[in-house]
């Protein structure tokens, strides 16, 4: 079988992904900085950024997996009916 040459990303989907990921990062940073056990504002910021970046990476992976599953589901429905 020859692999398909169809492009699955578009500039619009990249912009939507960027907006979702950046907003999720800002939200998680605001939530997680309150859970850092330190009185030093620099340490609170550093560890809040580190934790938010890890969680945002997982969110990005989940978003990509959701897109793949949704695309496969739509293709299955299209082929079925």
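Please treat every number below as a calculation from the coordinates, not as lab data. This structure is a prediction, so every number in the text was calculated from the model and none was measured. Here the Cβ is made from the backbone with ideal geometry for all residues, glycine too, and neighbour counts use every protein chain on show.
Okay, here's what the table says:
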{"quantity": "Residues (assigned to a helix (DSSP H, G or I) and either touching a helix residue (DSSP H, G or I) at 6+ places or on another chain (Cβ under 9 Å) or closer than 18 Å to residue 58 by Cα (or both)) located in region 6-24", "calculated": "13, 14, 16, 17, 18, 19, 20, 21, 22, 23, 24"}
{"quantity": "Residue match in region 35-43 (condition: within 16 Å of the chain's Cα centre (by Cα) and part of a helix (DSSP H, G or I))", "calculated": "no"}
{"quantity": "Where residue 21 falls short, out of the listed (1) more than 10 Å from the chain's Cα centre (by Cα); (2) surrounded by 12 or more Cβ atoms within 10 Å (Cβ to Cβ); (3) in contact (Cβ under 8 Å) with a residue 40 or more places away in the chain", "calculated": "(1)"}
